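S.K.: Provided herewith is a single structure, encoded as structure tokens, for subsequent inquiry.
Nothing in this text is a laboratory measurement; each read-out follows from the coordinates by a stated rule. Keep in mind that this is a model prediction, so the values were computed, not measured. Methodologically, a virtual Cβ is constructed for each residue, glycine included, from the backbone with ideal geometry; neighbour enumeration extends over all protein chains shown.
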Amino acid sequence: MQREIVKVIKGVETSDGAGVSLTRYIGSPQLDMLDPFLLLDFFSSSDPDDYIAGFPEHPHRGFETVTYMLAGRMRHRDHMGNEGVIGPGDVQWMTAGRGVLHSETPEQQDGLLQGFQLWVNLPAHQKMTAPAWRDYKAEDIPLEKTEHSEIRVIAGTTDSGKTGPVAGIATGPLFLDVRLNGQISQRIPEGHNAFVYVIEGHVNDVPAGHLGVFGPGDQAVLRGVDAHFLLIAAQRLDEPVSRAGPFVMNTREELLQAFDDYRAGRIAGGA
Ligand code: FE2
């Protein structure tokens, strides 16, 4: 069955961190969550005042944060001693698990900074797993080219059989960066939720700067006109969600425990 776009979302302008301007699509009043996706932010500005303050040290627990850069560079540091800079086309996939303390800071004084942050939930049995962090460089992300399309395969497998480097993720994500002038189809398992985020052009009547949510089915057909977009999908968890700020757990007790652990310095490194 073919999936149709059932909802188009414009996003809300907001700011986060120490004052980074961004547009929030998932985790907003328009779309609280799209199980297992908890948040999708798009940041895009050439004005350093919109981004220079960055995201000083803050915690996460219970889910995964994915940062995908289109332009500019961000530096990441965490309590485990990981440090790295991601630039255009690079992806950072961080599993916060039981707890990470990290900072995310623009590695530039001016120029365009553009990219995404996506939060992907963890199933209950993995919420307190050991944290893990990995950067994938643009050159390690396979590119599938046809006459009408160019697909960067970050996670999952395309219908032509190209597989992305991000593997071993609980929710079996598909994460494609697509340039399209024509039509492609992509299998997306029934149990997954799926969306497109349109960066440029139009995809299935979803205009640039909008997110289109797919309804049920096992296949998406994408028609693009000078389009650049992300196609993202992952397995629904259908578990209770109790969230506040940087913590996403299953119950209120677990959420309060996360705040307690953070105040007591136990979010990172401790038991
Ligand atoms: Fe963060």
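S.K.: Which semi-axes, in whole Å and largest first, does the equivalent ellipsoid of the chain have when worked out from the alpha carbon gyration tensor as the square roots of 5 times its eigenvalues?
M.R.: Ellipsoid half-lengths, sorted descending, are 29, 22, 17 Å.
S.K.: Of Ala227, Ala167, Ala71, which is the most mobile in a GNM of the chain whose springs link Cα atoms less than 10 angstrom apart?
M.R.: Highest fluctuation among the options: Ala167.
S.K.: Sticking with this structure for a sec: Give me D for the range 1-130 in µm² s⁻¹, whole number, from Stokes-Einstein with Rh from the Kirkwood sum over alpha-carbon pairs, 10 °C and 1.306 mPa s. Each step should come with its number before you reach the end.
M.R.: On the way: Rh = 15.5 Å.
Translational diffusion coefficient: 103 µm²/s.
S.K.: Among the DSSP beta bridges whose two residues both lie in the chain, what percent are antiparallel, rounded to the nearest 5?
M.R.: Working: 94 of 98 bridges.
Among the beta bridges of the chain, antiparallel pairing accounts for roughly 95 percent.
S.K.: Also, I was wondering about something else. Enumerate by residue number the trypsin sites (Lys or Arg not before Pro) in the range 35-142 meeting two conditions: DSSP loop (anything except H, G, I, E, B), and at most 16 other Cβ atoms within 10 Å of the site's Cβ. If you can, show how the numbers build up before the last one.
M.R.: Numbers: sites: Arg61, Arg73, Arg75, Arg77, Arg98, Lys127, Arg134, Lys137; in loops: Arg73, Arg98, Lys127, Lys137.
Passing both the DSSP loop test and the Cβ count: Lys137.
S.K.: Same structure, new question: Between rounded, prolate and oblate, where does the range 182-228 land on the alpha carbon gyration tensor, with a ≥ b ≥ c its root eigenvalues, rounded for a/c under 1.5, else prolate if a/b exceeds b/c?
M.R.: oblate
S.K.: If you don't mind, another one. Taking the Cα centre of the range 93-156 as the origin, how large is its charge dipole in debye, to the nearest 20, when only Lys and Arg (+1) and Asp and Glu (-1) carry charge on their Cβ atoms?
M.R.: About 480 debye.
S.K.: Still on this structure, please answer the following. When the helix-only estimate is applied to the chain (DSSP H runs of n ≥ 4, each -39,500 (n - 2.57), divided by the residue count), what is the mean residue ellipticity at 222 nm, nearest 500 deg cm²/dmol?
M.R.: Result for the chain: -1500 deg cm²/dmol, rounded to the nearest 500.
S.K.: May I ask you to derive the FRET efficiency for Glu107 and Arg263 from their Cβ-Cβ distance with R0 = 30 Å, giving the value to the nearest 0.05?
M.R.: 0.45
S.K.: Another question about this same structure. Can you list the residues of the range 57-79 with backbone N under 19 Å from a point 7 Å past the Cα of Ala18, pointing along Cα to Cβ?
M.R.: 57-60, 73-79
S.K.: Let me ask something else. Working from the pairwise distances between different alpha carbons, so that the mean of 1/r is found and then inverted, what is the range 1-58's Kirkwood radius in Å?
M.R.: The answer is 12.9 Å.
S.K.: I'm a student and want to see the number: the projected area of the Cα convex hull of the range 126-271, averaged over all directions, in nm².
M.R.: One quarter of the hull surface, i.e. the mean projection, equals 10.3 nm².
S.K.: What are the lysines whose alpha-carbon lies under 18 Å from the alpha-carbon of Lys7, with same-chain residues fewer than 8 places away excluded?
M.R.: none
S.K.: Convex hull over the alpha-carbon atoms of the range 54-158: what's its volume per residue in Å³?
M.R.: 110
S.K.: What is the distance in Å between the Cα centroid of the range 124-157 and that of the range 32-109?
M.R.: So the two Cα centres are separated by 16 Å.
S.K.: Return one number: the angle in degrees, 0 to 90 and rounded to the nearest 10, between the long axis of the Cα atoms of helix 252-263 and the longest principal axis of the Cα atoms of the chain.
M.R.: Between helix and principal axis, roughly 60 degrees.
S.K.: Okay, moving on. Is there a quick way to get the dipole size of the chain? I mean about its Cα centre, with the Cβ of Lys and Arg at +1 and of Asp and Glu at -1; what is the value in debye to the nearest 20? Working shown, then result.
M.R.: Working: 23 positive and 36 negative charges, 103 e Å.
Magnitude of the dipole: close to 500 debye.
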